[in-house]
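Comments concern the structure below.
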Amino acid sequence: MITTTSIQLRFNDIDMAGHAHNAVYLSWFEQARMDLLRNFIEKDHDWKKFGMILARNEVDYKRPVHLSDHVEVECSCSAIGTKSFDLGYSLFVTKAGERRLHAQGRSVMVCFDYTTNTSFAVPEAWRTKLARMMAER
């Protein structure tokens, strides 16, 4: 399963060169990540006890994004470990009916208990849903 998130560009996303500043891509990926997580984590989830911590972020910039662009980010699970899972991102811009890849990224999410400051194994319910998402890609 792949989730697709529409991104609303803001004027302050754009730098002096006239394209999206490199740092905002991580914010856009975070929006897409939250859309994906909502597919298997309950609304009243206890994020302190059964949370996640971001261990790694990667971005490969392919083409610039401009203020008037229509941007969408696709997010999917790309790997599941013992205590972590990887999420992959593909950022697309659609212009004149053509959808083109402008950036790709990856995040490593570690399951983390903020009350004890320790990592924990990916919960079985999460593992099952993430594995199902990977199979549906």
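The values are calculated or read from the model by the stated rules, or taken from the named source; none is laboratory data. These numbers come from a predicted model, not from an experiment. For neighbour counting, all protein chains shown are included, and Cβ atoms are generated from backbone atoms with ideal geometry for every residue, glycine included. Accessible surface areas use protein heavy atoms only, side chains included; no ligands, DNA or RNA. Shrake-Rupley method; radii C 1.70, N 1.55, O 1.52, S 1.80 Å.
Taking trypsin sites (Lys or Arg not before Pro) across region 14-67, the ones in a DSSP loop with at most 14 further Cβ atoms lying within 10 angstrom of their Cβ are 38, 43, 48, 49, 62. In a DSSP loop and with at most 14 other Cβ atoms within 10 Å, the chymotrypsin sites (Phe, Trp or Tyr not before Pro) in region 80-136 are 114. Annotation: extensible slack from residue 80 through residue 42 equals 11.7 nm (criterion: 0.36 nm per residue apart, minus Cα-Cα distance).
Counting heavy atoms of the protein chains alone, residue 102 has an accessible area of about 20 Å² for a 1.4 Å probe. Scanning residues 5 or more positions from residue 21 or on other chains, those with amide H under 5 Å from its amide H are 14, 15, with H placed 1.01 Å from N in the peptide plane. When only the Cβ of Lys, Arg, Asp and Glu is charged (+1, +1, -1, -1), the dipole of the chain relative to its Cα centre reaches about 200 debye. The mean sequence distance of close C-alpha pairs (under 8 Å, at least 6 residues apart), as a share of the length of the chain, puts its relative contact order at 30 percent. In loop segments of region 3-95 as defined by DSSP, the GluC sites (Glu not before Pro) with at most 14 further C-beta atoms inside 10 Å of their C-beta are 42. Comparing 55, 103, 32 in a Gaussian network model of the chain where C-alpha atoms under 10 Å apart are linked, the largest mean-square fluctuation is found at 55. Using only Cα atoms, find the angle between the long axis of helix 24-37 and the longest principal axis of the chain, and express it within 0 to 90 degrees, rounded to the nearest 10. The angle comes out at about 40 degrees.
These residues, 129, 83, go from largest to smallest accessible area, 1.4 Å probe, as 83, 129. Hey, any idea what % of the chain's accessible area is carbon plus sulfur with a 1.4 Å probe? The C+S portion of the solvent-accessible surface of the chain is 51 percent. Between residue 57 and residue 119, the modelled label-to-label distance comes to 1.9 nm, taking each label 7 Å out from Cα in the direction of the beta carbon. In this structure, the residue pairs whose Cα-Cα separation is over 23 Å, taken from 62/83; 49/129; 48/129, are 62/83. Normalised per residue, the accessible area of region 1-97 is 57 Å², obtained with a 1.4 Å probe and no contribution from ligands, DNA or RNA. Heavy-atom accessible area with a 1.4 Å probe sorts 86, 60, 44, largest first, into 44, 60, 86. Of the residues 16, 134, 109, ranked by 1.4 Å probe accessible area with the largest first, the sequence reads 16, 134, 109.
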